[in-house]
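Participant: First the structure, which I've put down as structure tokens, then a few questions once you've had a look.
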Amino acid sequence: MTPVILLAAEQKSAEVTDWAARVGWLVGLALFVALIYWLMREGWKWRGTLQGDLPELPTAPSEPGAAKLTMSGRYHGSTTAGQWLDRIVAHGLGTRSRVELTLTDAGLDVVRPGATDFFIPVGALREAVLGKGIAGKVLTEGGLLIVTWEHGDKLIDSGFRSDHAAEHTEWVDVINSMINKTETEGAR
């Protein structure tokens, strides 16, 4: 054999002898990740504190009336109207969850297992549109039902995605016709 091949065959990887340094690096990395997580959590809580002027969320009336539409799907969050990256976290509005929506003559009942339920009275509804993104969630065009409503002195966009996306168009039509009907009756 040639000397070059003999040298290559005899070379081995050096054994790790400095375990303390490796463990130190791993512990340091774990502490760094924990610090980043803690800072993100504190930022979330701070955002909730800044939005503390938002009134308590309305609850559904005891007799909301017959259901016009129902939908099950996902609640993707709420933002300041027109600013799809300005997430609202006060009163649990920033928590993503499963959702059961029921639209009645009284308004929109939002039931979220494991999160705070709320009710949007028909007088607070402003618009329903099909969108593609809200608060860090981007879907295909028309993949998100966005309901704009007024709470206190703030306009809020809430994003919902049905388990059956074909339902979105019907929801937009019915909610917008309810809003137009309310505005027409209010003008009289």
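The values are calculated or read from the model by the stated rules, or taken from the named source; none is laboratory data. Here the structure is a predicted model, which means the values were calculated and not measured. Ideal geometry is used to build each Cβ from the backbone, glycine not excepted, and the neighbour counts take in all protein chains shown. Side chains included, ligands, DNA and RNA excluded: accessible areas come from the protein's heavy atoms. Shrake-Rupley method; radii C 1.70, N 1.55, O 1.52, S 1.80 Å.
Participant: Run A115 past the list (1) part of a strand (DSSP E or B); (2) open to solvent by less than 30 Å² (accessible area, probe 1.4 Å); (3) more than 17 Å from E150 (Cα to Cα) and report the number of the one that doesn't hold.
Facilitator: With respect to (1) part of a strand (DSSP E or B); (2) open to solvent by less than 30 Å² (accessible area, probe 1.4 Å); (3) more than 17 Å from E150 (Cα to Cα), A115 is out only on (1).
Participant: Another question, if that's okay. Quickly run through region 40-62 and pick out the residues that are free of Cβ contacts under 8 Å to residues at least 12 places away in the same chain and part of a loop (DSSP other than H, G, I, E, B).
Facilitator: Within region 40-62, S62 is the sole residue that qualifies.
Participant: Given the structure, is T116 touching a residue at least 40 places away in the same chain (Cβ under 8 Å), farther than 19 Å from W171 by Cβ, in contact with a Ser or Thr (Cβ under 9 Å, 6 or more places away or on another chain) and β-branched (V, I, T)? Working first, answer last.
Facilitator: Details: touching a residue at least 40 places away in the same chain (Cβ under 8 Å): yes; farther than 19 Å from W171 by Cβ: yes; in contact with a Ser or Thr (Cβ under 9 Å, 6 or more places away or on another chain): yes; β-branched (V, I, T): yes.
So T116 passes the test.
Participant: Can I ask one more? Starting from residues that are open to solvent by 10 Å² or more (accessible area, probe 1.4 Å) and modelled with pLDDT of 90 or more, keep the ones in region 124-144 and report whichever is nearest to A165 (Cα to Cα).
Facilitator: The selected residue is L130.
Participant: Hey, H151 hits all of (1) within 18 Å of A81 (Cβ to Cβ); (2) open to solvent by 20 Å² or more (accessible area, probe 1.4 Å); (3) out of contact with any strand residue (DSSP E or B) (no Cβ under 6 Å at 6 or more places or on another chain) but one; which does it fall short on?
Facilitator: (2)
Participant: Then there's this: Of all residues in region 67-101, which are more than 17 Å from K137 (Cα to Cα), surrounded by 18 or more Cβ atoms within 10 Å (Cβ to Cβ) and at pLDDT 90 or above?
Facilitator: M71, L101
Participant: Kindly list the number of the only condition in (1) open to solvent by less than 10 Å² (accessible area, probe 1.4 Å); (2) touching a residue at least 40 places away in the same chain (Cβ under 8 Å); (3) under 23 Å from V174 (Cα atoms) that fails for D109.
Facilitator: Going through (1) open to solvent by less than 10 Å² (accessible area, probe 1.4 Å); (2) touching a residue at least 40 places away in the same chain (Cβ under 8 Å); (3) under 23 Å from V174 (Cα atoms) one by one, D109 breaks only (1).
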